[in-house]
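K.L.:
The structure follows.
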Amino acid sequence: MSDTALNAGFLTNLHQHWPFPSLLTDCTLITACFNEQALNTELCTHYGVTPPPAARKRQAEFLAARLCARQALQQQTGRACLPTQQSDSRIPIWPPHSCGSMTHSQGICAALVGNSRTWQSLGLDLERPIPHARAQRLARTILTNDEYAAYCELDTAQQAQRLTLTFSLKESLFKALNPLTGMYFGFQDAQIIAIDSASAGLARLVLNKSLSKQWRAGCELEGQFSLLHGSVLSLIAVGY
């Protein structure tokens, strides 16, 4: 990447690494922190990014995630370019032979790029910890009955952690499967059936709703999760 965004103080801690327990072949993950106050028109012009007509915070998130994707594409393909975007659905359009996912949350951003000959789709999500009081309000919306029963057996701190993780994994699942199926689905349409760790590990999810001929209710997928600057980073990769 050009040092423009780094020297301008917009991006910091730009890092290629793999915090998840299971390494995926033909994938590159880039994470960074970004400073909303350092956003300016010159940065967007330099990288050829047209930010959405939105508040400054949203524009900073938009640019930061795409700069992570640009760096990931450069590392993965040797070509520094930006994903484009479908005007109607806002689903990113990746360069030929590539697939990927972008995410951001309160000053942190990340992008994952993979070889589309190896991976059908990738879903990446980043979530700040949900405070317990808010977790209590959201639990019934995000959790299925079985998930809620398990949630009620946890202590206060564990409940907030579990809800944050569940929220993030289901967001990653949506990002991975929506481009493949064209179907909208909500939090109740999938559930976590196994988690092997509280802070970094693997999880199993199952669909409660049929999305296509290939992705029917009962299909299971593996997810991974870790912590990034105190936030939950989750991933779901769909192979062939």
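K.L.:
So which helices of the chain fit the span-like rule, where a helix is a whole DSSP H run, its Cα atoms reach 15 Å or more along the axis, and its mean Kyte-Doolittle is at least -0.5?
P.N.:
The qualifying helices are 156-181.
K.L.:
With +1 assigned to the C-beta of every Lys and Arg and -1 to the C-beta of every Asp and Glu, and no other charges, what is the dipole magnitude of the stretch 92-228 about the Cα centre in debye, to the nearest 20?
P.N.:
Numbers: 12 positive and 11 negative charges, 78 e Å.
Computed charge dipole of the stretch 92-228: roughly 380 debye.
K.L.:
Would you work out the relative contact order for the stretch 126-239, in percent, from Cα pairs under 8 angstrom that are 6 or more residues apart? Mind showing how you got there, number by number?
P.N.:
Numbers: 188 pairs, mean separation 30.7, N = 114.
Relative contact order comes out at 27 percent.
K.L.:
While we're here: Could you tell me which label, among (i) 51, 40, 33; (ii) 71, 33, 22; (iii) 57, 48, 31, carries the value of Cα extents along the principal axes in Å calculated for this structure?
P.N.:
The listed entry that was calculated here is (i).
K.L.:
Same structure, new question: Mind sorting GLU127, GLU42 by how few other Cβ atoms lie within 10 Å of their own Cβ, fewest first?
P.N.:
GLU42, GLU127
K.L.:
Once every DSSP H run of n ≥ 4 in the chain is given -39500 (n - 2.57) and the sum is divided by its residues, what mean residue ellipticity at 222 nm do you get, rounded to the nearest 500 deg cm²/dmol?
P.N.:
Rounded to the nearest 500, it is -10500 deg cm²/dmol.
K.L.:
For the stretch 4-117, what is the relative contact order in percent, using Cα pairs closer than 8 Å and at least 6 residues apart in sequence?
P.N.:
Once normalised by length, the contact order is 28 percent.
K.L.:
Using Cβ contacts closer than 10 Å as the measure, can you line up HIS17, HIS104 from fewest to most?
P.N.:
By the 10 Å Cβ count, ascending, the order reads HIS17, HIS104.
K.L.:
Right, another one. For the chain, calculate the relative contact order in percent as a whole number, restricting contacts to Cα pairs under 8 Å that are 6 or more residues apart.
P.N.:
Relative CO of the chain lands at 17 percent.
K.L.:
Using 7 Å Cα-to-Cβ label points, what is the GLN158/ARG128 separation (nm, one decimal)?
P.N.:
Placing both labels 7 Å beyond Cα along the Cβ direction yields 2.7 nm.
K.L.:
Between ASN40 and GLN74, what length in nm is gained on full extension when 0.36 nm per residue of separation is reduced by their alpha carbon distance?
P.N.:
Working it through step by step, the gained length comes to 9.9 nm.
K.L.:
Distance from the Cα centre of the stretch 178-240 to that of the stretch 4-79, in angstrom?
P.N.:
Answer, in whole Å: 25.
Read the figures in this text as sums done on the coordinates, not as results from a lab. Predicted, not measured: the structure shown is a model, and the values here were computed from it. Counting neighbours? That spans all protein chains shown, and the Cβs are built from the backbone with ideal geometry, glycine included.
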